[in-house]
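One structure is given here, and the rest of the page talks about it.
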Amino acid sequence: MSSPLEVHAHVPVLLRKVVNLLEPRPGGRYVDATAGAGGHLEAILTQSAPDGVCLGIDRDASALDLCRSRLQPFGSRVQFERDDFRNLGNVLARIGWGEPGSVDGILLDIGVSSMHLDHPERGFSFRSSGPLDMRMDQSHGQSAADLVNGMDERSLADVIDRFGEERFARRVARAIVDRRSSRAFVETTDLADCIASVVPRQRRQSADGAPAIHPATRTFQALRIAVNGELDALDSVIPQAVRAVRPGGRIAIICFHSLEDRIVKLAFSRAAGRCVCPPRLPVCVCGATVSVRVLTPKPLVATEDEIVQNPRSRSARLRVVEVVTSGANQGPTRDQ
Ligand SMILES: C[S@@+](CC[C@H](N)C(=O)[O-])C[C@H]1O[C@@H](n2cnc3c(N)ncnc32)[C@H](O)[C@@H]1O
């Protein structure tokens, strides 16, 4: 059985819900900051025909090439920028959409794409042998091999614990450090075998029907998040997205694990004016302002049918907000 991190994603997840909630319209301007294979963008372009325009951003050059060729039929209605979405504000300024409120809707579909998982040479999959890379942007930065061969045991265990929520993080870190003292890790399967030697294999499905996962799943997820600085990027893009979208426009974010979903929930809640000061403070000091209205108090998830058609959608969580102001202070409401 394959895990949510490994199943290929040629079908865009939660497509109908994204389109319904983003409400692309003719003449609108939309951004998919995680263009990937272009599935969501294609639907947004179709829905906003004949003259809606889109920007596709991706930090991965190969993903953007794939997306560009898929969306060729839409001609000049779609443009592309290779960048990290943490630079969203700068990217929008570069193409002349930098004024606050210039955009009608923004989508982020976080995580790896099918292309990453399909190509063992990118180093994301532990099932096929490839170099331990995992960088979405291969032009710079540390690879997964740099981390597993270079970090001290404690920091490694912290990364695996925090980003992988792996119960056996300390055990895994110990095994990695032991093994690398005689031979550095080079290949994905080599690392996966080392992890599997100390993490018990789950035998059964979990209570919600999710398939048992490979022992290396959580550690690979942790390394991928660390290599790509994924949580920091997500945290920093949300205020930029709120600034970019016009009142009445929407921001939709799809996440695949609880760490990401927590960040989105908190950032949306903060943008909705929720005070996040500790309850013991007599007055609000966090400067909460009302900039959005949350349209999904609980995240939307895939239907059973969709999960059957596209197993990767099993762990997808969609949260959507509508921008109400560009950030004028309407006063905070205290968190209970
Ligand atoms: C799940 S895929 C998106 C799939 C896409 N929605 C589709 O329908 O084909 C996520 C994409 O986001 C890109 N990505 C992830 N983090 C990014 C970041 N910080 N900046 C820009 N692109 C990023 C990945 O390279 C990947 O191509």
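A full extension of the chain between residue 174 and residue 277 corresponds to an added length of 33.2 nm, given 0.36 nm per residue minus the alpha carbon distance.
In what order do 262, 293, 317, 312 fall by count of nearby beta-carbon atoms within 10 Å, going from fewest to most?
In increasing order of surrounding Cβ atoms, one gets 262, 293, 317, 312.
Of 255, 54, the sequence from fewest to most neighbouring Cβ atoms within 10 angstrom is 255, 54. Taking the alpha carbon gyration tensor of the chain, multiplying each eigenvalue by 5 and rooting it gives semi-axes of 34, 24, 19 Å, largest first.
Normalised by 2.2 N^0.38 Å, with N the number of residues, the alpha-carbon radius of gyration of the range 218-335 equals 1.19. A Cβ-based charge dipole, computed about the Cα centre of the range 118-228 with Lys and Arg at +1 and Asp and Glu at -1, lands at about 460 debye.
When only alpha carbons are used to place a centre, the range 29-46 and the range 258-279 end up 26 Å from one another.
Spacing of the modelled spin labels on residue 303 and residue 95, each 7 Å from Cα toward Cβ, amounts to 3.2 nm. Helix content alone sets the calculated 222 nm mean residue ellipticity of the chain: runs of n ≥ 4 DSSP H residues at -39500 (n - 2.57) each, divided across all residues, give -11000 deg cm²/dmol.
Quick check: net charge around residue 160, other residues with Cβ under 12 Å of its Cβ, Lys/Arg +1 and Asp/Glu -1?
Working: positive: 154, 162, 167, 170, 171, 174, 218, 224; negative: 153, 158, 161, 165, 166.
Counting the neighbours of residue 160, the net charge comes to +3.
Measuring nothing but alpha carbons in the range 66-122 and taking Rh as the Kirkwood radius, the Rg to Rh ratio lands at 1.02. Most simply put, the chain has about 40% antiparallel DSSP beta bridges, counting only bridges with both residues inside it.
Note on 163, 126: ascending count of other Cβ atoms within 10 Å places them as 163, 126, the fewest first.
Across all directions, the average flat footprint of the convex hull enclosing the Cα atoms of the range 118-228 is 6.9 nm². Helices meeting the span-like rule in the chain (full DSSP H runs, Cα extent of at least 15 Å along the helix axis, mean Kyte-Doolittle score of 0.0 or higher): 217-228, 230-244, 258-271. Note: relative contact order over the chain, using C-alpha pairs below 8 Å and six or more positions apart, is 19 percent.
Here, each number is a calculation from the coordinates, and none is a lab measurement. Keep in mind that what you see is a predicted model, and the values were worked out from it rather than measured. With ideal geometry, Cβ positions are generated from the backbone for all residues, glycine too; neighbour counts draw on all protein chains shown.
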